Amino acid sequence: MQKINMRLDLLRGEMLKENIDYYIVLSDDFHSSEYVDNYFKVREFLSGFNGSAGTLLISLKDARLWTDGRYFLQAEEQLRGSEIILMKQGESGVPDLEDYLKTNILFGQCVGYDGRTVNGAFSKELKSALSGKNASFKTEFDLAGRIWDDRPAFPAGPITLLSEKYAGKSVSDKLADLRAAYRYKGCDAILISSLADIAWLYNFRGSDVLYTPVAMAYTLVNDDEAILYIAEEALSSEVRDALAPLGISFKPYYDIYDEVKSIGGIVMADDSSVNETLLSSISTPLICENPTSLSKAIKNEVEIDNFRRAHIIDGIALTKTIFWLKKLSASGELHAETERSVEAHLTELRSVQDGFISLSFDSIVATGEHGAIVHYEPTEENDRHIEDGFLLIDTGGHYLTGTTDVTRTVSVGEISDEMKTSYTAVLKGNLALGAARFPDGTIGASLDVLARKALWDMGLDYNHGTGHGVGYMLSVHEGPNSIRKLTPKGKLGVPLVAGMITSNEPGLYVAGKYGIRIENLILTVADENGFNHFDTLTLAPYDRASIIPDMLTADELNSLNDYNQKLFEIIAPHLTEEERLWLKSETAAF
């Protein structure tokens, strides 16, 4: 960790040059993306912590890193030996960043950050929190860039078009809907910064962010034209020829920073994704969520049909992998495998499926105590041979027909009664949420308790959300739909409406022992009388050996048996005879 401490000292030298007392480094790129290209991993460069969520605050005296419950164990391990103090968000007595600064900053001191990596909402909240301290702000400096000598190149990969047989809706129709939406709000134009929204709007997919097929771009749409600000090398003649006739023009990526200053009229902008540098340059902004956010989340019939196909081929790969694990376990050969070799086996089976593009996120394959680290990722340094107990597998893929995200916890060897009880409690939550029926207007926060109740009855809980939206070959974590106690900003969230696809992933994590998570993707389907229900898209077996049937209610048993019957009918025809016979046993009615 000496290298990390040296980097912090070098940064403090740059802070002194600019008279900055506190410097903030978020996890974001210029578009507030969840996952970012290596060029933007400044927080990881300065701290060594590589979780997807976290904020680093460097003062001239110390450094602190805030992250949420998914990453507490990982952060403790990765920060060990450095000077950085871990701030566990949401824990009793731990102030958030704004409150910490409000308490500790001296009157008239200066806060700095790269304004391109901080969205308008964050900047507004921070400045409001420090208004009583007469704090000044310097947002024009990328101080980390000054000391990062071998920084990766800025991403500018090629984009490819997504045909309507996959997208389900034309670019022209999407632009028409977008123009109607901003006009309805009294605006003359809209500036969109969200990379997934831009890729969705123009029916293209990019290659600038690992596991997230997007391209670095901005777009400005008014009644006369739609301008796409993107690197020249990203545009093939095919892409130009397809989009230009639709009234779409192309300009260099960085041109937006000068041109935004001269935009006339009222400009709609989403301050959760438009960065402060851009937002502060708009003369008359109307802060409003991108209309594309909700449109993108509500899948059309073509997308839904494709998603079902994606989950069949994904389910084949995962089911074959679980069979392979069980067979090796029975023969005593499984201990020769490691977390990384299991991940490689599953990835190979996915890669031969029709329409496979890539993984949808870094695979989590965790044996034993590694399973208690919610977002554990096996690397060369921490890879471990498979142990008896629970093996947690959280993986997903991008296909031309959609995106998957599935978690199964597999028992190998002997497991204790306590582990079976814990697994069954998590399963109860998964089944209860999957069977929910709810009226129009219901938000995810109202359903979250269904997934947690069995654990709460045992005095247990998990420290992460229960469900997130999933994009169509875009971000595997897509808003605005979610199922959780509260959103990160303490808001209740949006209603779950027909066409939304959300994850259902209760879990339980026993530090130093094991982790359990069971995750399906569920589609919201409308009933005829103003109610809705979920249709489970994921197709992969639960771990029969870990289930205590007597803990399940009659309704839960019926849900489990119905799911198993559906799973067998759809997946079995794609298996070998040996695999099919095993799956028949695994899915036999309780």
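List of remarks:
- In region 137-150, residue nearest to Asn275 (Cα to Cα) [restricted to those that are at pLDDT below 95 and open to solvent by 50 Å² or more (accessible area, probe 1.4 Å)]: Glu140
- When residues of region 124-136 are limited to those that are farther than 23 Å from Ile287 by Cβ and not basic (Lys, Arg), the one most open to solvent (accessible area, probe 1.4 Å): Asn134
- Selection count, region 1-25, where residues are in a helix (DSSP H, G or I) and either touching a Leu at 6+ places or on another chain (Cβ under 8 Å) or within 11 Å of Leu56 (Cβ to Cβ) (or both): 8
- Members of region 285-325 found to be under 30 Å from Glu348 (Cβ atoms) and either modelled with pLDDT under 95 or of a type in the set (Gly, Ala, Ser) (or both), listed by number: Ala310, Gly315, Ala317
- Per-region count, region 471-485, residues assigned to a strand (DSSP E or B) and of a type in the set (Ser, Thr, Tyr): 1
- In the set (1) open to solvent by 30 Å² or more (accessible area, probe 1.4 Å); (2) in contact (Cβ under 8 Å) with a residue 60 or more places away in the chain; (3) hydrophobic (A, V, I, L, M, F, W, C); (4) over 19 Å from Tyr39 (Cβ atoms), the condition left unmet by Leu191 is number (1).
- Condition check for Arg43: assigned to a strand (DSSP E or B) and either open to solvent by 10 Å² or more (accessible area, probe 1.4 Å) or in contact with a Leu (Cβ under 7 Å, 6 or more places away or on another chain) (or both): no
- Once region 327-361 is narrowed to residues that are within 19 Å of Gly515 (Cβ to Cβ) and surrounded by 19 or more Cβ atoms within 10 Å (Cβ to Cβ), the residue that is nearest to the chain's Cα centre (by Cα) is Phe361.
- Being within 16 Å of Leu191 (Cα to Cα), open to solvent by 30 Å² or more (accessible area, probe 1.4 Å) and either touching a Gly at 6+ places or on another chain (Cβ under 6 Å) or at pLDDT 95 or above (or both) is a property that Ile282 lacks.
- Those strands (runs of 3 or more DSSP E) of region 51-111 that lie entirely within it include none in which at least 2 residues are open to solvent by less than 10 Å² (accessible area, probe 1.4 Å) and of a type in the set (Gly, Ala, Ser).
- Just one residue in the set Ala121, Ala153 is open to solvent by 60 Å² or more (accessible area, probe 1.4 Å), hydrophobic (A, V, I, L, M, F, W, C) and touching a residue at least 24 places away in the same chain (Cβ under 8 Å); that residue is Ala153.
- With respect to (1) closer than 30 Å to Glu303 by Cα; (2) modelled with pLDDT of 95 or more; (3) surrounded by fewer than 23 Cβ atoms within 10 Å (Cβ to Cβ), the lone exception for His375 is condition (2).
- For Asp28, the criteria (1) part of a helix (DSSP H, G or I); (2) closer than 23 Å to Pro480 by Cβ hold in every case but one, which is (1).
- Residue in region 425-445 that is of a type in the set (A, V, I, L, M) and farther than 28 Å from Thr524 by Cα present: no
- Residue check: Ile266 meets all listed conditions (1) surrounded by 21 or more Cβ atoms within 10 Å (Cβ to Cβ); (2) out of contact with any Pro (no Cβ under 6 Å at 6 or more places or on another chain) but one, namely (1).
- Counted residues, region 47-72 - those being among the aliphatic types (A, V, I, L, M) and closer than 22 Å to Asp208 by Cα: 1
- Every listed requirement among (1) in contact with a helix residue (DSSP H, G or I) (Cβ under 7 Å, 6 or more places away or on another chain); (2) open to solvent by less than 30 Å² (accessible area, probe 1.4 Å); (3) more than 29 Å from Asp305 (Cα to Cα) is met by Ser170 save one, (3).
- Subset of region 496-512 that is open to solvent by less than 10 Å² (accessible area, probe 1.4 Å) and part of a loop (DSSP other than H, G, I, E, B) - its residue that is farthest from Asp461 (Cα to Cα): Gly499
The values are calculated or read from the model by the stated rules, or taken from the named source; none is laboratory data. Everything quoted here is computed from the prediction, not taken from an experiment. So basically every Cβ, Gly included, is an ideal-geometry build from the backbone, and we count neighbours across all protein chains shown. Keep in mind that these areas ignore ligands, DNA and RNA; they rest on the heavy atoms of the full protein, side chains included. Shrake-Rupley method; radii C 1.70, N 1.55, O 1.52, S 1.80 Å.
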